[in-house]
Amino acid sequence: MNSAFLDACLGRPPAHTPVWIMRQAGRYLPEYRQIRENTDFLTFTKTPTLAAEATLQPIRRFDLDAAILFADIMTPVEGMGIEIGFDGGPVIKAPVRDAAAIDRLRVSDPEESVPFVMETIRLVREELPGSIPLIGFAGAPFTVFCYLVEGHGSRSFATARAFLNAQPESAARLLGLIADMTTAYLRAQAKAGAQALMLFDSWIGLLSAEDFDVFVAPLVERILGALASLHVPLMYFPRGGPHLLERVRRFPVDVVGIDWQTTLTTARTMLGPDVTLQGNLDPAALFAPHDRLGKLIDRVLHDAGGGRHIFNLGHGIDRATDPDAVAFLVDRVHAGAVS
Ligand code: CP3
């Protein structure tokens with residue numbers, strides 16, 4: 001396969017700097033709002049024709065170098081026996097907060113518990129141009145743990161972090177179950193046709209380096225290690241975690257996502273030369289007039305310094321973004337930095 005994205009993942013010189021955008025499918029696109037209009041989010045993610053269409057919409061509109069599966073980090077959790085809902089964000093009907101609740105959880109075969117995800121992947125692969133790989137993904141253990149224990153989104157996930165300290169053995173058991181589920185889920189995605197796999201650790205920055213070492217790092221390494229035999233690039237996004245990057249350097253991973261609070265120059269120093277950095281334009285930059293946006297894009301390209309790099313935002317695109325700003329961004333990245 002001739003793909004700038006896969007080349008960059010694996011450290012081969014790409015034909016141009018590849019670019020894709022976290023949350024590239026979604027509400028900033030009028031065509032997404034239109035097909036989502038009459039369907040609630042959960043039903044939407046469970047309907048392969050709709051999820052496949054949402055995956056493909058940004059590829060049709062922009063010259064992106066990769067597609068990402070349309071699903072949610074909570075999608076596989078129902079297979080563990082947890083009831084989820086959506087109310088502006090994920091909601092867990094009965095948050096997991098004690099040993100008895102953990103006893104009731106199970107790790108199921110994703111082909112049986114979430115067959116619609118694998119079907120979506122198959123549909124997308126039939127439609128995608130051969131040069132555009134499909135990224136499969138999952139939430140990383142701590143980020144999924146945060147939602148399962150807290151029960152909903154939060155800025156601090158105080159209940160989840162309290163649980164980690166009050167009941168460390170139960171917390172470790174829950175994290176381990178999530179890691180096993182995640183491994184099976186990502187493996188099934190690759191078997192169905194996903195050509196790269198990404199772990200989103202959106203809330204990992206809340207942990208101290210010590211808790212990361214004790215509770216999380218061995219599990220992320222276990223997942224990555226178990227997926228190595230699939231021979232697809234593996235990506236990890238530790239959002240808000242510059243204090244964790246020295247540890248992440250030892251992970252068996254091809255690509256590390258960097259948020260916009262850490263410069264790519266700093267991340268490179270901490271991670272060394274043998275990994276691809278992915279990021280890290282501030283999503284708010286897309287609201288700037290094009291002359292300023294161009295300069296901000298060039299700054300990211302400059303900070304990448306000719307090292308292994310995939311252009312992306314530092315976090316998901318804001319729903320109020322003008323799609324024309326995305327078109328401008330993609331063209332600018334492909335043209336290379338204007339110095
Ligand atoms: O285009 C893509 O990136 C693919 C699809 C995707 C979604 N969620 C669809 C979605 C991906 C990769 C995710 C990941 C995800 N989901 C994360 C990790 C990345 C991150 O942003 O930190 C997290 C923490 C979630 C949980 C989640 N799902 C939240 C907090 C929310 C509400 C906030 C928001 O952005 O809307 C969701 C809902 C969600 N997931 C939507 C989409 C398109 C919006 C649903 C809608 O109203 O249509």
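No value in this document is a laboratory result; all are computed from the given coordinates. Note that the structure is a prediction, hence the values are computed from the model and not measured. All Cβ positions, even for glycine, are placed from backbone atoms using ideal geometry, and neighbour counts span all protein chains on display.
Residues with amide H under 5 Å of Gln278's amide H, sequence separation 5 or more or different chain, H placed in the peptide plane at 1.01 Å from N; which?
Val256, Gly257, Ile258, Ile310
How would Tyr236, Tyr185, Tyr28 line up from fewest to most surrounding beta-carbon atoms within 10 angstrom?
Listing Tyr236, Tyr185, Tyr28 from fewest to most nearby Cβ atoms yields Tyr28, Tyr236, Tyr185.
Quick one, what does Rg over Rh come out to for region 230-339 if you take C-alpha atoms and the Kirkwood Rh?
My calculation of the ratio gives 0.98.
Compute the length gained on full extension between Thr47 and Val214: take 0.36 nm times their separation in residues and subtract their Cα-Cα distance, giving the result in nm to one decimal.
56.3 nm
What is the fewest-to-most order of Leu199, Leu10, Leu175 by other Cβ atoms lying within 10 Å of their Cβ?
Sorted ascending by nearby Cβ count, the order is Leu10, Leu175, Leu199.
Return Thr45, Thr265 ranked ascending by Cβ neighbour count within 10 Å, so the fewest neighbours appear first.
So the residues, fewest neighbours to most, are Thr265, Thr45.
Report Rg/Rh for the chain, rounded to two decimals, where Rg is the Cα radius of gyration and Rh the Kirkwood radius.
When Rh is taken as the Kirkwood radius, the ratio is 0.94.
Taking only Cα atoms, what is the 0 to 90° angle, nearest 10, from helix 48-61's long axis to the longest principal axis of the chain?
20
Roughly what angle does helix 290-304 make with the longest principal axis of the chain, taking Cα atoms, 0 to 90 degrees, to the nearest 10?
70
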